[in-house]
Structure formats: C-alpha cells, structure tokens
Amino acid sequence: MKDYYKTLGVDKSASKDNIKKAFRKLAHEHHPDKNKNNPESAQKFKEASEAYSVLSDDSKRQQYDQFGSAGPGGGGFNGGAGGFNPNDFGGFDFSGFQQGNGGVEFDLGDLFGDLFGGGRGRQARQQRGRDISIDISLSFEESIFGAEKDVIVSKTSSCLTCEGSGAAPGSGMETCKICNGKGKVNETRRSFIGVFNTVKVCENCHGKGQVPKEKCPTCHGHGVVDRQQEISVKIPSGIEDGEMVRLNGMGEAVSAGVPGDMYVRIHVKPHLYLRKEGFNLVTDIKAKLTQAIIGGEQTIKLLAPDGDLILKIPEGANNGDILRIKGKGVPNERGKRGDLLVRINIEMPRKLSKTAKKAIEELRNEGL
C-alpha cells in the first residue's frame, strides 16, 4: 500500500495547510518543466500529485485512513473511482479542466505562478528597479542637529524627454498588438500529464498594455536612461555613525515598473572633545587643585548653535565628579534635548613652592 503521508513528508495528523505546503514544495522541486529529461523527478511529481489529490480531500482522506486507499474500491493516479483528477487539488485554481488532444489541459493558477511568471487569478508581479547605496560623511555637529546634503548619483533614471512614457513628445501611446492591451499573454506548455496554460507579462509592452506610437529619441522607447541625478538627502538629528538612511523610490528606475530604493550609509567624523552617549553629550575638563577646593569658573566651547558656556566649578569638587547642564545635548524626536555632562579631572601639581607647601601644611594641621 502506498503511504501518501510519507510521500509528502508529513505526519498523519498534519493539517490541510501543512499538506498543501508540503505538496507545493515538492511540486516546485520536481515539476517536469524544471527537470526536463529527468524520469526520477517526473515520477516524484506524479506520486506527490497522487498523494495530494487524496489527502487534500476530507472525504477521500478519511476513506484512505480507514481502508488504505482513496475509497473502498481502491483508486490511484490513473483515474477510476477515487482516482486522480486535476480538479481534486483543493485550494488551487484548476478550473477549466478538460480532456482533449490526448492530454489534460488546465490552468496552473497560483501554484506554479512563480515558475512561469504569473497565473490564473493572480496579477503578474510588477518589476522593480535595483536598490543602490551611497556613503556620506558628516561632521559631528551635523550628526547632532541634522543636515541636508545634495549628492550627485549616476544611475538608471526616468527619461526626462518623455517623462518615462517611452513615447516621443507629442506622439502618444497606442494599444499593444501582441497582448491587445491586457499587458499579459497566455503560454502553453506540454508535459507528461498534459497541457499547461500559464500567463506571463507581455514582452512587447512590458505589462503596460500600451506601446509608443513613435519611440522617444532619447531612451528609444524604454522610458529610462542612464544619467546623473542630483538628490537631496535629509539627515535626521542624532544619527549614529554607520546608520543607514533609506530613500524610498530613489534607486534605479525600470521600464514599466517601480524604482528601487537608495540606502545612504552615514559616516560621522569624531569631535575633538565631545562624544555622544544616547541623547547626552559628554566632555572632560581639567580643573586646578585650587578650583576643586574653593571653586572657580571655566569656559567650555560648545557646538555652533550653543556658543560658549561658562561652567561654574563648585567648592570641594572631587576628581571624577560629573556636572550636568540641562538642555545642551542631542535633540530627540519630540524636539527636546538631552543634557551636557561634564566630568571633572583634577590636576595635581608636580612641584609646590615654599608658600604653597606652607599653606597645605596649615590645611593638614586643621585636619583637612
């Protein structure tokens, strides 16, 4: 007895969806049009089709589980009661089944659409242009506050002469005579189980259903040309080094399709004394011992929009203390800014004058 579950590689408890997925995988792998002159693949395709015709039907599956066949009287791929029929493929569009010319004719629908470029009840997949990528360098300040950069890219773009139509200016379009304006054509292929009718994009009009009455002299009717194009790239504030900015539809154009995307990789030049930590900016300053003891002031040069900052160092500051200046950090998506964090590094003098030593000794005598 044939083990249909083993043929499809599923358990006896498999759902109809799992059975369908298993058959789809085997059908794509062993279909005759992909494995011409390969008897082994043809046999596996035949066995998988037979198994699926039974297990996809609730009634036949129940009878198979009970009697060991598609029905009490047996059955199989060659027909007969409970035998194989293309219309038994539940979940796939095999309407239009008929016997004729010594073979079986039916439309493969969605099952083999990926193999033949389309299918019954399914639109042909629209062509898409190639994605492209470029690199842009930013200053640290531009990465914090955002920027707008104009770049010139050489790529396949829409033709400026015909605005992408492919028709010479003033000539217009006419219905494609190959597909009669449908944008797709039927294609018939013969295999060992019959004749397969499939649908594919019309190569004459590339799926548009119309062709130029007179071809554009610049792009020769293709609607796209290779040219340089200036593109404005908006860089958001707070972007990190190595991040990517995606520009939808700014990749390469394609005739009768949609353009791809452009990816911009950002390279941020490091700052001399500022660094970014989340939405905060961090810097280090050197403070004299006297400033740490009795307090003092230092001028810190911030990024251009903020100018200079006079930082007040409090009395008794310790080495490693961090001072927080609110609102001088990185802008966030709500328009607010993080903080500036200033880390104090106290410089200890290497040599002391007699006066300084005396003063320190007095401090020590006071228990400081």
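Values in this text are rule-based calculations from the coordinates and carry no lab data. Model, not experiment: these values are computed from the prediction. When we count neighbours, we look across all protein chains shown, and the Cβ atoms used for this are built from the backbone with ideal geometry, even at glycine.
Can you tell me the FRET efficiency between E297 and K358 if r is taken as the Cβ-Cβ distance and R0 is 35 Å, rounded to the nearest 0.05?
0.85
How would you rank M173, M244, going from fewest to most other Cβ atoms within 10 Å of each one's own Cβ?
M244, M173
Order these by the 10 Å Cβ neighbour count, fewest first: V342, V225.
V225, V342
What ranking do H28, H222 get, fewest neighbouring Cβ atoms within 10 angstrom at the top?
Listed from fewest to most nearby Cβ atoms, that is H28, H222.
For the residue pair H220 and N280, what label-to-label distance in nm results when each label sits 7 Å from Cα along the Cα-to-beta-carbon direction?
6.2 nm
Taking the Cα centroid of segment 280-345 and of segment 211-260, what is the distance between the two, rounded to the nearest whole Å?
Between the Cα centres of segment 280-345 and segment 211-260 lies a distance of 46 Å.
Place a +1 charge on the Cβ of each Lys and Arg in segment 133-246 and a -1 charge on the Cβ of each Asp and Glu, then give the dipole magnitude about the Cα centre in debye, rounded to the nearest 20.
The calculation lands at about 1240 debye.
Name all residues of segment 240-275 having a backbone nitrogen under 14 Å from the label point set 7 Å from the Cα of I136 along its Cα→Cβ direction, giving them as ranges.
Counting only backbone N, you get 240-248, 250-251, 262-269.
Once the mean 1/r over all distinct Cα pairs of segment 132-268 is inverted, what Kirkwood radius in angstroms do you read off?
One decimal place: 17.8 Å for the Kirkwood radius.
For Cα pairs less than 8 Å apart in space and 6+ apart in sequence, what is the mean separation divided by the residue count of segment 205-260, i.e. the relative contact order in percent?
33 percent
Along the charge dipole of segment 275-365, Cβ charges K/R +1 and D/E -1, which of I285, I310, G338 sits furthest on the positive end?
I285
Using a 7 Å offset from the Cα along the Cα-to-Cβ direction at both Q43 and D241, what is the distance between the two label points in nm, to one decimal?
6.3 nm
Loop only by DSSP, 12 or fewer other Cβ within 10 Å of the Cβ. Give me the GluC sites (Glu not before Pro) in segment 195-258 that pass, ordered by residue number.
Counting only loop positions with at most 12 other Cβ atoms within 10 Å, the GluC sites (Glu not before Pro) in segment 195-258 are E203, E240.
Just need the relative contact order of segment 225-284 here, percent rounded to a whole number, with Cα pairs under 8 Å and 6+ apart.
Result for segment 225-284 is 26 percent.
Please give the net charge around S165, taking every other residue with its beta carbon less than 14 angstrom from that of S165, where Lys and Arg add +1 and Asp and Glu add -1.
Taking every other residue near S165 into account, the sum is 0.
From a point 7 Å beyond the Cα of L309 in the direction of its Cβ, which residues of segment 247-284 have a backbone N at a distance under 18 Å?
Output list for this probe position: 271-284.
What does the net charge come to around N204 if you take all other residues with beta carbon closer than 15 Å to its beta carbon, with K and R at +1 and D and E at -1?
Around N204, the charge tally is +4.
How high is the relative contact order of segment 132-268, in percent, counting Cα pairs under 8 Å that sit 6 or more residues apart?
Dividing the mean separation by the residue count of segment 132-268 yields 38 percent.
Please give the contour-minus-distance gain from V151 to K21: 0.36 nm per residue of separation, less the Cα-Cα distance, rounded to one decimal in nm.
This chain segment gains 42.1 nm when fully extended.
How many nm separate the modelled label positions at D65 and L289, each set 7 Å beyond the Cα in the direction of the Cβ?
About 8.9 nm separates the two model spin labels.
Holding the Cα-Cα limit at 29 Å, pick out from K149/K312; K234/K286; K288/K358; K36/K208; K34/K182; K149/K336 the pairs that are longer than that.
K149/K312; K234/K286; K36/K208
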